[in-house]
Amino acid sequence: QVQVVEFGGGLVQAGGSLRLSCEVTGTSLSINPAGWYREAPENRRELVAGISSSGGTNYADSVKGRFTISRDNGKNMVYLQMNSLKPEDTAVYYCSANSRSRVYWGQGTQVSVSS
């Protein structure tokens with residue numbers, strides 16, 4: 001059974017940095033894509049960054065140049081390094097992992113950026 005667990009959210013001042021971690025079990029990230037999404041109050045869940053099985057990455061325009069997604073195949077972990085955080089980055093961040101045409105989600109971790 002595929003399980004996804006996020007770590008590393010918290011409260012940070014604008015301009016600061018946070019690193020989110022995501023542990024995936026039950027499937028291999030070396031052959032499946034993964035991604036980070038976020039959901040702010042009254043907003044739809046949106047893609048923040050994605051990483052393919054071959055290591056290709058894509059980002060939302062709002063985070064390009066500030067966020068970096070990476071993966072450790074040996075540990076089956078996905079990371080999101082967030083720099084130069086802005087108050088509008090405040091949201092619940094979710095990690096997702098694909099396996100056999102299904103998408104699995106973590107429980108989410110809160111990121112709050114104060115001005």
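Using the Karplus relation 6.51 cos²θ - 1.76 cosθ + 1.60 with θ = phi - 60°, the per-residue 3J(HN,Hα) values for region 92-105 come to 8, 9, 10, 9, 10, 9, 9, 7, 6, 6, 10, 10, 10, 10 Hz, with x marking Gly and Pro.
In Å², and per residue, what accessible area does the chain have when probed at 1.4 Å with the other protein chains present?
Each residue of the chain exposes 53 Å² on average to a 1.4 Å probe.
Considering only protein heavy atoms and a probe of 1.4 Å, how much of the accessible area of the chain is carbon and sulfur, as a whole percent?
Whole-percent figure for carbon plus sulfur exposure: 44.
The values are calculated or read from the model by the stated rules, or taken from the named source; none is laboratory data. As the structure is a computational prediction, the values presented were derived from the model and not from experiment. Note: accessible area is taken over every heavy atom of the protein model, side chains too, but ligands, DNA and RNA are not part of it. Shrake-Rupley method; radii C 1.70, N 1.55, O 1.52, S 1.80 Å.
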